[in-house]
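These notes concern the structure reproduced below.
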Amino acid sequence: MTITHAERLQVKLYASATPPAGEDLVPVFHRWIREHVVDDDTLIDVVDYGHVKDGPGVALIGHGADYFYDESEGRKGLLFFRKRALEGDLRGRLQDAFTRTLEGAARLEGEGALDVAFGRDEVLVRILDRLHAPNDDASYAALEPLVREVAEAALGGAVTLERVGAGTKGPLSVRVRRA
Amino acid sequence: MPAKTWKSELAGRLPEELDREIDLFEGQIALRKQGKMDERLFAETRLRRGVYGQRYDNGLRDDGTGPKPLAFPCGELTKGPDTVWDAPGMQRIKIPYGKMSAEQLDMMADLAEELSDAILHVTTRQDIQLHFVHIEDTPDMHRRLASVGITTREACGNSVRNITACQFAGVCNDESFDVTPYAEAMTRFLLGHPDVQEFGRKFKIAFSGCDDHPCGLVTFHDLGAVGFVEDGKRYFKVVVGGGLGAVPVVAKVLAEKCPEEELLPLTQAVSRVFARLGEKQSRARARIKFLMQKFGIDELRRLVEEERKLLREDPRWTDYLSHLSATDEEPLRPGGPLALDGAPATFRAWAETNLRPQAQDGYYVATVTLPLGDFSSDQARVLADLARRYTGDTLRCTVEQNVALRWVSGADALALWEALDAAGLGAPGAGTIADPTSCPGTDTCKLGISSSRGLTGELRKRLTVLADDPVTRPLHVKTSGCFNSCGQHHVADIGFLGVSRNVGGRKVPHFNVVLGGQWTENAKSYGLVVGAVPSKSAPEAVEVLTRAYQEGREGDESFQAWVQRIGKGTIRKLLEPVSKAPSYEEDPSYYRDWGDPREYGTGDLGVGECAGEIVPWVEFGLTTSEQEQYEAQDLYDAGQHQAAAAKAFASMVTAAAALVRHLAGQVRDEPSDVVAAFRRHLVDTELFFDPFVKGKFADYFFRAFERRKFETDDPEAVHALLDEARLFLEASHACYQRLGATPPPSAAGLIQPAAE
């Protein structure tokens, strides 16, 4: 199954309660670049797309991966985007993405002035690789067990999965909820 | 099982030529990675595929405490001089005359989402740009674009760039005829044509169906074609040699009455003359406007006419004329009346600014206002679906960074707007003061000086109220982050041009305020700088100017006429309260740019403990030069052209002398002495050189002196000299900032006192 070759994927955790405005994240992300808070990647730039409704929000652009204080679906959250290939297969990339998203969320929550919190009960996973993972039933059937396995390990318990955006032109997506 | 590739997936589904070209480009990427292709050659190769550089691609980023290296894994590998291989870049996607299908928009949405940052950006030349793209992702991106009929070939580089045209072509109420098929034919004819491969610089072409409205903006293009009909036959007025950039030039008429069948051969002849005689060594003087200035329009016309006679007949010149209707659009739904009575007020407000009746009864062009030209992949898919549902493939990017949906039935307008609004695309104000445009500026452009997008974003928030007033509503506000003028500030009612200034030993982002540009009549005339304001004061500057205009205009006087009447001296007085940056201690926010928490450029400049108190003499000289430029502009406005030229040149001498004295201590005020000393101490040493255009601005000074431009009384030449003087002063400021308030010991030690 070619989905195991999929390289680009996103994992999003949703902000809870009253999330801060996107512009509040801009100085934080700039500082992350200055302080090299991600020690195995090069962080490059910060872009504020707050003027685009339900868009990517504030982007922290990196070489291998980006972090977004994302506003898509009309819900703010921390979205990790693995964009340059990691060695291994999709399972490994999913594990890495979950780990980094959770780490990123904890790091943002540690930014006291931001007063932001991210729930761990709901996660969106999107596979941004229409070559290896088109948004169709076969791809979802192959993706579902992988996501379940990785999510249960990362979130520490059983999860339920719900396919999102079936039949649309959007990417193959699955919503994970802790059972 | 080997992984699939886009190459294998799309095999046999791409146009043969495009497929071959993309394979070739992929091969060139491999060669460059192996060190088997020269970096300069590779740079031009990728540029011709639309693969462009982006800020920080030299591997350095100022984090607010000074430039710091960015550690990319590629090591020393480059994709051009000073351009790190792994640094993300920008992909420009040519959209000829802005027309795109729903399928194409869907594809660009997917690519933005997968390979960029999920944002599509509409440029002022009807392109779409994607940012933060890795070069190794570009061949597959090009394949996928080719699969829906898009080529990125010649989107950048020294080539014929995207051919633009009025977004209303074919549906406009007062056009002479639809220029779409001509723009399409020229796009196809020139793409990859051997006669356009040897240019020294880029070449931009625009079409318009009328002389009166600005949608085509032909007058600032290298070549522009304005359609008209006489005795039932179609002609074009062809203009040549226009351009914005550092010194804007209004195109001149090459052919008053070019028959339609002569349009392509005439353009081919112009291309051959430009390729043969245009400057190749100095990029700064390589656009065709310089060739026109060198020869004069009459001689250029003669050369083109001679060249035309030598051309071998090409059936493509006229084949398309037999099927001009091939580019016609068919409405998807029957036309109908627009019902505003009883509709929501928000819809009526949108309809007032964003719906324009077509020539065809019952149909409208709906302009989708895009803030800063940006829309997300999700929004792009919504737009594509709405086009499918209501209009068919009738989407066009506009030069004001919006997207137009043509052939909207009046009966569908409300439903369309509701769907747009639900997707965050239903904002009113298209083409008004609430819809300012901007180049990328410091956000992503490696040449940006100030944050044009940051300022424009702030203006969008503040100017909405001015769109409610019919007096200020039609004003155009445009911002460029540097002198290359991609934001087209020269033709705005209120334009901003990014510059930087030294205040108390620290850099402060500023914008020159450019007033008096004319957007109408195809951008007929360009504005002039009236002064500089700190970036953080620019919104107040707009408020000051618009308030004064609202209160002081006479009758239905245009903004341009008002500026002309009250004079730039009065305007400078109006702006005085917002022209000065407070000290850093008073308000450090002035020392950061819009939307950017980093201190602006302090990493380049050491700050001594007395920096806030001492004003070096050089700053007095630069201030005096600035004052002389204002006086020159006033003289120009008063019609005293020769005096204006002399004063403009004097301002250059003053600035040059200030820098010479800063470095070398002494020089007499005689222009010849200043020129010689300036050449010796600042040009021969390359201290004055701009990092990108090198000695271009110094050349303005030298040429003004050598050609005695200060004696001219030709209004156009004086206008150009005023622009050059302004740029020379900006370069002087930049040079002073690089040198620091105290000349570096290394520089001072190298320099001998000026010869007297």
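Long-range amide H contacts for B:LEU254: which residues qualify at under 5 Å (H placed 1.01 Å from N, peptide plane, sequence gap of 5 or more or a different chain)?
B:VAL238, B:VAL239, B:VAL240
How big is segment B:615-756 along each principal axis, measuring the range of its Cα positions in Å and listing the largest first?
46, 31, 29
Given the C-alpha atoms of segment B:6-146, compute the convex hull and give its volume per residue in Å³.
Spread over its residues, the Cα hull of segment B:6-146 gives 128 Å³ apiece.
If we count every other residue with Cβ under 10 angstrom of B:TYR390's Cβ, Lys/Arg +1 and Asp/Glu -1, where does the sum land?
Within the 10 Å Cβ shell, the charges total +1.
Taking a ≥ b ≥ c as the square roots of the eigenvalues of the Cα gyration tensor of segment B:187-248, is the shape rounded (a/c under 1.5), prolate (a/b larger than b/c) or oblate?
In terms of gyration-tensor shape, oblate.
Based on alpha-carbon centroids, what's the gap between segment B:363-388 and segment A:123-147 in Å, whole number please?
First find each Cα centre; the distance between them is then 28 Å.
Relative to the first principal axis of the alpha-carbon coordinates of chain B, what is the inclination of helix B:345-354, with its axis defined by its Cα atoms, in degrees from 0 to 90 and to the nearest 10?
Here the helix axis deviates by roughly 80 degrees.
222 nm [θ] for chain B, helices only, -39500 (n - 2.57) per DSSP H run of 4+, per residue, to 500?
Helix-only estimate at 222 nm: -11500 deg cm²/dmol.
Using the alpha-carbon centroid of each, what span in Å lies between segment B:505-575 and segment B:627-703?
Rounded to whole Å, the Cα centres lie 25 Å apart.
At a 10 angstrom cut-off on C-beta neighbours, averaged per residue, how do the peptides A:132-145, B:380-393 rank from highest to lowest?
Packing proxy ranking, top to bottom: B:380-393, A:132-145.
How far apart, in nm, are two points set 7 Å out from the Cα along the Cα-to-Cβ line at B:ARG40 and at B:GLU670?
With each label point 7 Å from Cα toward Cβ, the separation is 4.0 nm.
Please arrange B:PHE207, B:PHE42 by counting, for each residue, the other beta carbons lying within 10 Å of its beta carbon, fewest first.
With the sparsest Cβ surroundings first, the list reads B:PHE42, B:PHE207.
Rounding to the nearest 10 and keeping the result within 0 to 90°, find how far the Cα-based axis of helix B:16-33 lies from the longest principal axis of chain B.
30
Here is the link list: B:LYS461/B:LYS580; B:LYS204/B:LYS237; B:LYS68/B:LYS446; A:LYS53/B:LYS79; B:LYS573/B:LYS696; A:LYS169/B:LYS94. Which ones come out longer than 25 Å on Cα distance?
With Cα atoms farther than 25 Å apart: A:LYS53/B:LYS79; B:LYS573/B:LYS696.
Based on other C-beta atoms within 10 Å, arrange B:GLU260, B:GLU175 from fewest to most.
Exposure proxy ranking, most exposed first: B:GLU260, B:GLU175.
If you take every residue apart from B:ALA467 with its C-beta less than 9 Å away from the C-beta of B:ALA467, what net charge results, scoring Lys and Arg +1 and Asp and Glu -1?
-2
Once the Cβ-Cβ distance between B:ASP319 and B:ALA422 is put in as r, and R0 is 51 Å, what FRET efficiency do you end up with, to the nearest 0.05?
0.65
Once you charge only the Cβ atoms, +1 for Lys and Arg and -1 for Asp and Glu, what is the size of the charge dipole of segment B:6-146 about its Cα centre, to the nearest 20 debye?
400
Could you tell me how far the Cα centroid of segment B:35-59 sits from the Cα centroid of segment B:110-143, in Å?
16
Residues of B:112-122, mean number of Cβ from any other protein chain within 10 Å of their own Cβ, rounded to a whole number?
Partner Cβ neighbours, averaged per residue: 5.
Can you work out the PRE-style zone for B:LEU310? Point 7 Å along Cα to Cβ, and I want the residues of segment B:160-199 with backbone N under 19 Å.
B:193-199
If you take each beta carbon of peptide B:262-270 and count the beta carbons of other chains within 10 angstrom, what is the mean?
Neighbouring Cβ atoms belonging to other protein chains average 0 per residue here.
Within a 10 angstrom radius of the beta carbon, how do B:LEU105, A:LEU124 rank from fewest other beta carbons to most?
Exposure proxy ranking, most exposed first: A:LEU124, B:LEU105.
Under a 5 Å amide H to amide H cut-off, with H placed in plane at 1.01 Å, what residues pair with B:GLY531 once short-range neighbours are removed?
Amide H neighbours of B:GLY531, under 5 Å, 5+ apart: B:VAL513.
Using the alpha-carbon atoms, what tilt in degrees (0 to 90, nearest 10) does helix B:452-463 show relative to the longest principal axis of chain B?
Orientation of helix B:452-463: about 70 degrees from the principal axis.
None of the figures in this text is laboratory data; all of them are computed from the coordinates on show. Bear in mind that the values here come from a model prediction, so they are computed numbers and not experimental data. Neighbour counts are summed over all protein chains in view; Cβ atoms, including those assigned to glycine, are modelled from backbone coordinates with ideal geometry.
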